Amino acid sequence: MYAIVEIAGLQYKVSQKQRLFVNRLEATEGSAVEFDKVLLIDNDGKITVGTPAIDGARVAAKIISHLQGDKVIVFKKKRRKGYRKLNGHRQALTELLIQEVLGKGEKLSAAAAKLEIVPMLELKARSRVQPTKKVFATDQVEEEVIEEEVIEEVVVAKKKPVKKAKNKD
């Protein structure tokens, strides 16, 4: 089941348990929000289209975190004029967790209300490999290993120079 919903002036295709990054919303982290401008609902092949929105349909979501997007570099230049401008931009975003797509008269189920997901920044921090303690071998062990290794010599054959034919005129 999925729905096409309008959030902050943009349309998104959403389904249950989906993470979604939208333009910054004016709500606190952890709060529940509902979007009532649902344009289309597909319920296992049964499609309902609104004119322009479906009456009574809504999407329940929970705000996970507020963050900034990746940096975008804006560089302007006019050739031969010495004009160069460099700007950077990071979009203010809100991370949403779509709890459920609700039809007319439906209420949020208890299982969907309890749905919790860790913010993306926390997941990235957890997934980073922690530095491990390096164990160095003693000098004696390294010497033994070097003595046991067999070194093979590679003989490279030299190419003989090619004699050029002299042109007799």
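The values are calculated or read from the model by the stated rules, or taken from the named source; none is laboratory data. Everything quoted here is computed from the prediction, not taken from an experiment. Glycine also receives a Cβ, built like all others from the backbone with ideal geometry; neighbour counts cover every protein chain displayed.
Within segment 30-52, track down each residue that is more than 16 Å from Glu106 (Cα to Cα) and of a type in the set (S, T, N, Q).
Ser31, Thr51
Looking only at residues that are closer than 20 Å to Ser109 by Cα and aliphatic (A, V, I, L, M) in segment 53-64, which one is surrounded by the fewest Cβ atoms within 10 Å (Cβ to Cβ)?
Step by step, filter segment 53-64, then rank; the result is Ile63.
Does segment 65-78 include one or more residues that are surrounded by 10 or more Cβ atoms within 10 Å (Cβ to Cβ), basic (Lys, Arg) and farther than 17 Å from Ile4 by Cα?
Yes, that holds for at least one residue.
Please pick out the residue among Val150, Val141 that is among the hydrophobic types (A, V, I, L, M, F, W, C), at pLDDT below 65 and not in a loop (DSSP other than H, G, I, E, B).
On the way: Val150 fails: not in a loop (DSSP other than H, G, I, E, B).
Just one listed residue meets the conditions, Val141.
Taking segment 106-138 as the search range and keeping residues that are within 18 Å of Gln16 (Cβ to Cβ) and either at pLDDT below 55 or exposed (fewer than 11 other Cβ atoms within 10 Å of the Cβ) (or both), which one is farthest from the chain's Cα centre (by Cα)?
Lys107
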